[in-house]
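*Asks:* The structure is given below, and queries will be raised subsequently.
We did not get these values from a lab; they are worked out from the coordinates using the rules stated. Here the structure is a predicted model, which is why all the values come from computation and not from measurement. Here the Cβ is made from the backbone with ideal geometry for all residues, glycine too, and neighbour counts use every protein chain on show.
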Amino acid sequence: MLKSVQLAVLSSVLLSVGAQARVIYGDDNRVEVYQASPLMQRLARSSATAVAKTDIIRNLFRPGMVQLKQKTLQDWLSSADKNNRSKSLFTEKARNGAKSGARFCDGERFTDQPNPGMCSGFLIAPDLLVTAGHCATEENFCEEYDWVFDFKVDPSTKKAGLDIREEDVYRCKRVVSSSLNMDLGLDYGIIQLDRMVKGRAALNIRTDGQVFDFTNVTVIGSPSGLPQKVSGGAVVRKNTHPFYFTTNLDAFQGNSGAPVFNTKTGLVEGILVRGEEDFVLNYQKMCVSANRCKDNECRGEDVSRMTSIPEIGVMDVLFKSAKEGDLETLKNILKLNFWIDIYGRDRKSALIQAATSNQHEVMKVLIEKGADVNLQDIEGNTALHSFAKVLTERNNDVLNKMLAQKADLNLVNANGDSALLMAAKARNLAGVKLLIAAGAYANSVDANGESVLFTFARLGLTNVVNELADLGVNSAVKNATGETALDLLKK
């Protein structure tokens, strides 16, 4: 009876493939990150894997570390009829085979590796990550998934690194924008992470034009949820649609959202989004194997063009207008209710960019629109740190607007400098006095233990030192070498 049931299931299997998942074209070009070129190893650092929060376990014995669940690809096949994620990884044909006792065919690669990944993604800004739209539009995506960097095979042990530094796990703060329009071929999502990613560069992306026909391309992602793989040896096969192009990349479910690079330059051309079925059932051997096509056969793997994401173009214009003081363009962007508390490629928010460029009218517009005045850049500077250097009575209205938005006058940057200290080091006495009057802590000191008095004491400005002392700055404070500002005046 069991055999007849198996045969009934297997006889229903058609070996033709659809257009939902991924496939191997020609040779299987997937390699571990450590086996890839130095360029691809570097780019992989900016690629991440979406993992269910329930599959990320805090390591009680190793503070600062988490552990990913160890369930393997074979385990997922065995439970293919029992949970939704397995259903998404395997086709109905493969699941039917699994229910009938099928396992992976002999020699199938990576089946003993863990596969907690759901989708892939990559950095386009310090706190922004791009993935596939069909990942980002999942209900409760931010509540259920975190983003993990450096989920890859360890070159020393040749095993998947399931122990991940807690600092390499990022929460999804919100889905900033997403589109899943199969009629137009649009499939992208932009995720804002809970904090700025440190030590990893935003990838260079194509912002105009399009990739050439037959360009060599490479994808970096988590096929079938596995540790990151690099897969090259592919080309652009079809390049006529305005929003996507088609390749013969070896890719699987889990690669969705992965960056597709120009192999030679490392430029991100697009996002891997859809293709052939991943796994098919060999009903003669009663086993499941990766679907295989010749390099020039089957439908190919579709890649959403980076230029099809209008928000990225708007983002670049936002930062450019903030830097250059283009108020008209800026106001037009803000009419779109465009998100402004994000970081540009230089790791500055639009408000910090405007402050750094002394675009004070832009600052006022952004603050009035609700920009976060306490956002810090990669060096810990807020907009106020830059603005303090040029703060005077003439532009004090900007400071007042910042204070109305609860600007923290005493935030320090990575060097230990507050806005008050930045004003002093710029020799801006007017700014120092205005900040103290606004409530800044007058006796803040830098990494060398020096207050605002020390800058002016080194200049021999006794009157200024006395004036600031009258405003509450303690002249008895000693720096790291045991000197006071008054000692410096005597030299």
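*Asks:* Which whole number in µm²/s is D for region 426-491 by Stokes-Einstein, with the Kirkwood Rh taken over Cα pairs at 20 °C and 1.002 mPa s?
*Replies:* The diffusion coefficient I find is 183 µm²/s.
*Asks:* Of all trypsin sites (Lys or Arg not before Pro) in region 175-260, which ones are in loop regions per DSSP and have a Cβ with at most 10 other Cβ atoms within 10 Å?
*Replies:* Of the trypsin sites (Lys or Arg not before Pro), the ones in loops of region 175-260 whose Cβ has at most 10 other Cβ atoms within 10 Å are K198.
*Asks:* While we're on this one: Normalised by the number of residues in the chain, what is the relative contact order in percent for Cα pairs under 8 Å and 6+ residues apart?
*Replies:* Over the chain, the number comes to 14 percent.
*Asks:* If you take the beta carbon distance between L327 and L403 as r and set R0 to 22 Å, what does 1/(1 + (r/R0)^6) give as a FRET efficiency, to the nearest 0.05?
*Replies:* 0.45
*Asks:* Also, quick follow-up: With charges set only on the Cβ (+1 for Lys and Arg, -1 for Asp and Glu), what does the dipole of the chain come to about its Cα centre, in debye to the nearest 20?
*Replies:* Rounded to the nearest 20 debye, it is 600 debye.
*Asks:* May I pose another question? Using 1/(1 + (r/R0)^6) with R0 = 45 angstrom and r between the beta carbons of E361 and N463, what's the FRET efficiency to the nearest 0.05?
*Replies:* Plugging the Cβ-Cβ distance into 1/(1 + (r/R0)^6) gives 0.85.
*Asks:* What whole-number volume per residue, in cubic angstrom, does the convex hull of the C-alpha atoms of the chain give?
*Replies:* Here the figure is 174 Å³ per residue.
*Asks:* A further question on this structure: Show me, bin by bin at 5 Å from 0, the whole-percent P(r) of region 367-491 based on Cα pairs.
*Replies:* 2, 12, 22, 24, 18, 11, 6, 3, 1, 0
*Asks:* At K294 and N448, where each label point lies 7 Å from the Cα along Cα→Cβ, what is the point-to-point distance in nanometres?
*Replies:* Placing both labels 7 Å along Cα→Cβ, they lie 7.3 nm apart.
*Asks:* Just to confirm a number: summing +1 for Lys and Arg and -1 for Asp and Glu over residues other than N428 whose beta-carbon lies under 13 angstrom from that of N428, what do you get?
*Replies:* With Lys, Arg at +1 and Asp, Glu at -1, the net is +4.
*Asks:* Report the local net charge at K53: Lys and Arg +1, Asp and Glu -1, summed over other residues whose C-beta lies under 9 Å from its C-beta.
*Replies:* Net charge around K53: -3.
*Asks:* Which value in deg cm²/dmol, rounded to the nearest 500, describes the helix-derived mean residue ellipticity at 222 nm for the chain, given -39,500 (n - 2.57) per DSSP H run of n ≥ 4 and division by the residue count?
*Replies:* The helix-only estimate for the chain comes to -7500 deg cm²/dmol at 222 nm.
*Asks:* Within region 206-258, which chymotrypsin sites (Phe, Trp or Tyr not before Pro) sit in a loop by DSSP and count at most 12 neighbouring Cβ atoms inside 10 Å?
*Replies:* F212, F214
*Asks:* What does the extension gain come out to for D112 and D487, with contour length at 0.36 nm per residue minus their alpha carbon separation?
*Replies:* 128.0 nm is the gain from fully extending D112 to D487.
*Asks:* Could you please report the charge total around H134, scoring K, R as +1 and D, E as -1 over all other residues with beta-carbon less than 11 angstrom from its beta-carbon?
*Replies:* After counting each charged neighbour, the total is -1.
*Asks:* Can you list which of the GluC sites (Glu not before Pro) found in region 388-491 are DSSP loop residues with at most 12 other C-beta atoms within 10 Å?
*Replies:* Sites meeting the loop and neighbour criteria: E393.
*Asks:* What lysines could a cross-link reach from K425, if we take a straight Cα to Cα line under 26 Å and drop same-chain neighbours fewer than 8 places away?
*Replies:* Within the straight-line cut-off, K425 pairs with K323, K348, K364, K389, K401, K406, K433, K478, K490, K491.
*Asks:* Mind checking the dipole of region 311-441: about its Cα centre, +1 per Lys or Arg Cβ, -1 per Asp or Glu Cβ, Debye to the nearest 20?
*Replies:* Here the size comes out at about 280 debye.
*Asks:* For region 311-441, report the % of Cα-Cα distances exceeding 19 Å.
*Replies:* 43
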